[in-house]
2 protein chains.
Amino acid sequence: MNLLENIRIILVEPKYAGNIGSVCRAMMNMGITDLALVVPDEHPDWEEARKLACHAGPVLDRIKLFRTLEEAAADCTVVAGTSARTGFYRDHACLPREIAPVVLDSAAHHKAALVFGREDKGLFNEEIAICTHLLNIPSSECYPSLNLSHAVMICCYELFLLAGSGDYKPPRESSPEATGRMRELLFDSWSRMMLETGFCEKEKLDHMMLGLRRIFNRGKLTDNDVKILLGIARQSRWVAAELEKYRNPATP
Amino acid sequence: MNLLENIRIILVEPKYAGNIGSVCRAMMNMGITDLALVVPDEHPDWEEARKLACHAGPVLDRIKLFRTLEEAAADCTVVAGTSARTGFYRDHACLPREIAPVVLDSAAHHKAALVFGREDKGLFNEEIAICTHLLNIPSSECYPSLNLSHAVMICCYELFLLAGSGDYKPPRESSPEATGRMRELLFDSWSRMMLETGFCEKEKLDHMMLGLRRIFNRGKLTDNDVKILLGIARQSRWVAAELEKYRNPATP
């Protein structure tokens with residue numbers, strides 16, 4: 001099985017069509033062909049993109065368009081977002097060489113995605129929240145910001161090298177890993193629980209959820225894990241609702 | 001000492017000015033700033049190059065122009081040429097990750113160069129001959145040919161990672177390494193010797209010299225090594241000339 005076939009590159013709102021084309025070429029050079037674009041409004045200048053794609057037409061032709069990152073990553077288990085900045089929730093970024101085995105392990109059984117943000121503004125916090133891992137490409141302090149296609153190339157190069165090396169052995173899977181869709185269900189249900197049980201106030205919920213996402217993304221979450229965690233939330237919410245009945249008995 | 005300062009990127013006859021600009025950016029992202037172009041005739045469209053260089057103006061502004069690769073690499077010890085093709089004299093190519101410590105070892109005391117050929121035709125055999133090492137960037141069989149700036153980025157990335165890692169310790173130098181200029185003197189003198197002693201015929205000289213270059217480039221050559229080898233050639237040529245006097249005594 002070719003692990004690289006299960007790897008998706010996601011570009012979030014790329015500004016320059018030429019970059020899309022250059023990304024197609026970089027991907028195909030490294031044996032990766034699944035490209036998704038998150039383009040809510042405008043549509044790219046395909047002619048310009050095709051020029052830069054050179055002989056990577058096959059990658060360009062099968063690009064999939066999505067309106068949100070959540071949709072683009074819905075069927076992915078590992079979702080690694082690139083971030084140049086540091087700060088809250090961005091401090092735990094790995095290097096491309098460190099993330100490569102994590103991505104390939106996932107790709108052995110599922111789709112895994114690498115996410116690249118806007119050329120100027122990168123990924124927004126709500127997009128970072130969707131990522132299971134953060135990725136930081138090392139670069140010089142004098143000029144740390146890479147061209148989009150260069151950033152994609154470095155990541156694809158590390159994946160290609162590892163996938164092709166005799167050293168890498170994909171793992172056997174005991175329980176299927178949870179997809180992005182399952183994880184989002186989980187986080188939605190837990191945020192409701194946290195509000196309904198009075199664990200935290202509405203203003204602090206987003207901040208709290210970022211922390212919680214980090215905890216759950218630290219290791220792999222299987223389908224079974226998510227089912228258990230969904231059950232816990234459901235039960236607590238039921239308890240909270242029961243309590244509410246006693247405190248504010250419905251007027252008959 | 002910053003090892004990366006001693007690394008030179010040499011582009012041989014780049015066709016697209018945009019690629020020159022993109023290469024500037026990739027280099028500066030990875031802390032490498034010495035760029036040389038081999039441009040015998042035409043001059044690049046600097047405006048287009050500057051657009052793609054983005055904030056890498058400092059690299060663009062200090063580009064040096066040369067008429068031949070020999071001149072561009074004259075002061076370099078290690079000269080690693082990239083080659084996509086295989087074949088005679090190209091079979092011994094290393095991976096970027098393998099060449100990185102060789103280049104940094106040299107950069108600890110001298111200039112070391114990475115050479116990238118034309119977008120369409122790569123490096124010619126006579127340019128490959130000048131290189132002390134060959135470098136091959138792994139890529140997919142479906143589309144092996146990388147964009148020029150992507151190829152430069154991968155090599156610079158490997159150098160930046162290694163130079164910045166705590167693992168790398170530059171070597172102490174016992175005897176100074178020979179520069180490109182010294183090596184070319186050596187090869188010139190040996191090819192004369194081979195002809196004058198009758199070791200090989202003129203038609204076979206180029207082929208023979210490629211083999212000889214490979215032998216001498218297998219390890220490092222110091223200044224002293226080159227002086228000894230130059231002396232050997234000088235002596236043999238003197239013997240050959242003496243013999244010639246006996247065989248064809250000058251008519252008085």
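The values are calculated or read from the model by the stated rules, or taken from the named source; none is laboratory data. None of these values were measured; they are calculated from a predicted model. In this analysis, Cβ positions are derived from the backbone assuming ideal geometry, glycine residues included, and neighbour counts consider all displayed protein chains. What goes into the accessible areas is simple: the full protein's heavy atoms, side chains included, and nothing from ligands, DNA or RNA. Shrake-Rupley method; radii C 1.70, N 1.55, O 1.52, S 1.80 Å.
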Inset, instruction - Evaluate the stretch A:5-23: report whether one residue or more is of a type in the set (D, E, K, R), touching a residue at least 12 places away in the same chain (Cβ under 8 Å), within 14 Å of another protein chain (Cβ to nearest Cβ) and within 15 Å of A:Lys111 (Cβ to Cβ). - result: yes
Inset, instruction - Scan the stretch B:107-132 for residues that are among the aliphatic types (A, V, I, L, M) and over 19 Å from B:Phe160 (Cβ atoms) and jot them down. - result: B:Leu123, B:Ile128, B:Ala129, B:Ile130
Inset, instruction - Could you tell me which of the residues A:Glu42, A:Glu47 is outside any loop (DSSP other than H, G, I, E, B), over 21 Å from A:Ala151 (Cα atoms) and either open to solvent by 10 Å² or more (accessible area, probe 1.4 Å) or modelled with pLDDT of 95 or more (or both)? - result: A:Glu47
Inset, instruction - Among residues belonging to the stretch B:116-168 that are within 14 Å of another protein chain (Cβ to nearest Cβ) and in contact with a Gly (Cβ under 6 Å, 6 or more places away or on another chain), point out the one that is most open to solvent (accessible area, probe 1.4 Å). - result: B:Phe160
Inset, instruction - Kindly indicate which of B:Lys169, B:Lys202, B:Lys220 is closer than 25 Å to B:His92 by Cβ and not assigned by TED's automatic domain parsing to the domain that holds B:His110. - result: B:Lys220
Legend entry - Residue, farthest from the chain's Cα centre (by Cα), within the stretch A:9-34, restricted to residues that are open to solvent by 10 Å² or more (accessible area, probe 1.4 Å) and closer than 20 Å to A:Ile128 by Cβ: A:Lys15
Inset, instruction - For residues that are under 20 Å from A:Gly180 (Cβ atoms), part of a loop (DSSP other than H, G, I, E, B) and not hydrophobic (A, V, I, L, M, F, W, C), tally how many sit in the stretch A:204-252. - result: 3
Legend entry - Some residue of the stretch A:79-93 being within 14 Å of chain B (Cβ to nearest Cβ), farther than 24 Å from A:Gly21 by Cβ and open to solvent by 10 Å² or more (accessible area, probe 1.4 Å): no
Legend entry - Test result for A:Met194, in contact with a Cys (Cβ under 8 Å, 6 or more places away or on another chain) and either assigned by TED's automatic domain parsing to the domain that holds A:Trp238 or not β-branched (Val, Ile, Thr) (or both): yes
Inset, instruction - Please state which one of A:Phe160, A:Phe199, A:Phe124 is among the aromatic types (Phe, Trp, Tyr) and within 16 Å of A:Pro96 (Cβ to Cβ). - result: A:Phe160
Inset, instruction - May I ask you to say which residue of B:Ala151, B:Ala178, B:Ala241, B:Ala250 is touching a Leu at 6+ places or on another chain (Cβ under 8 Å) and either of a type in the set (Gly, Ala, Ser) or on the phi > 0 side of the Ramachandran plot (or both)? - result: B:Ala178
Legend entry - Among (1) open to solvent by less than 30 Å² (accessible area, probe 1.4 Å); (2) at pLDDT 85 or above; (3) in contact with a helix residue (DSSP H, G or I) (Cβ under 6 Å, 6 or more places away or on another chain); (4) more than 30 Å from B:Cys156 (Cβ to Cβ) - the single one A:Met194 does not satisfy: (3)
